[in-house]
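Report on the following structure.
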Amino acid sequence: MKKNSIASKFEKSWTVLLVDGKGRVRRIRNFRQKLWAIAGLSAGALIVAAVMGVLYGGMVQKQIALSEEADALREEITALQQQNELLKVRAVRVEAQAGKTAPSAASTPPPAKPSIAVPAAGESGDATTSSPAPPVTAAPSPVAEVPVTATPEKKPEQKPEPRVDVEGLKVAYQTDTETIEAQFVIKNTGQGSAGGRAVVVLHTEEGPSALRFSLPSVPLRDGRPVGNRGRRFSISRFMTLKLQRKFAEPGMRFTSAEVYAYSLEGQALLEKTFEVALDIPEKKAPATTAPNPEPPEDSDTTVAPLGLSLPEPKPEPEETKGTLP
């Protein structure tokens, strides 16, 4: 009785023991729970995979059905195009036949009317009786010729060419930044909006070593800028453009300026010349510090220590001036 009562107090459980190569025993705790968890995850993954397979199969079937419908529609479109071409050919043939038959019917003269002979009084036969006149047939009405006029081909609409103009060019030199600034107003004088690139070229006095300077920096060919570079602009009426570039050659003098405008495709829109007078000043030498002047003899040369200020001397009363103690 005691043995049975002692054995019934303990609960039965599974225990998995693993033995490694060195003879040590490894115990896996809660093996049953882990096994059930792995099985549940596997079953859930299988269910999800099955659902995804069913959905994928349905999508594939829908795609196949749509492709078949698209093929059928393409075949119907080709059949309709063929019928349309046949109808066009028949219409051209009918118009050609109508044009041929109309002038032939108009050129045939109408049949002449038969003349009725009336016997004279002296001739044999009854003058009062006349031979019966043959029936008069009406001439067929001429077929009216319908003139076929060819429909004029529609020419593609040409876009109006942009036109621009420039006014109020101002050129200045900024000594602090050593830059040349050019400012002007560009106006749209054509129809629609205008866009392109603008360049200002400054010229020195004509001579063997004439200098040409462009704003902004673009390559020049024979003194003219390349049309595919410059300051971009896009206007409907007008706008103010400001160009600048660094220049540090003192003593130069620019006497004229040319403003160029090109379209975005590189087509020349404007070339206008302005007279300017821009002198690049010489650089000023740094100012030398003058020596400190000597203080006068009567001045107080006492200097207060750093951070302190000396009290101002009090004026003496007038009564004490000139009296001896």
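A compact table of results
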read-out: Of all residues making up segment 268-282, the number that are under 39 Å from the mean Cα position of the chain (by Cα) and free of Cβ contacts under 8 Å to residues at least 60 places away in the same chain; value: 4
read-out: Members of segment 210-228 that are within 18 Å of Ile186 (Cβ to Cβ) and either modelled with pLDDT of 85 or more or surrounded by fewer than 16 Cβ atoms within 10 Å (Cβ to Cβ) (or both); value: Ser214, Leu215, Pro216, Val218, Pro225
read-out: Candidate set from segment 165-188 (those that are hydroxyl-bearing (Ser, Thr, Tyr) and surrounded by fewer than 14 Cβ atoms within 10 Å (Cβ to Cβ)); member that is farthest from Gln244 (Cα to Cα); value: Thr175
read-out: Output for segment 175-191, where each listed residue is in contact (Cβ under 8 Å) with a residue 60 or more places away in the chain, of a type outside the set (Val, Ile, Thr) and in a strand (DSSP E or B); value: Glu181, Ala182, Gln183, Phe184
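The values are calculated or read from the model by the stated rules, or taken from the named source; none is laboratory data. Everything numeric in this text was worked out from a predicted model, so none of it was measured. Note: ideal-geometry Cβ built from the backbone for every residue, glycine included; neighbour counts use all protein chains shown.
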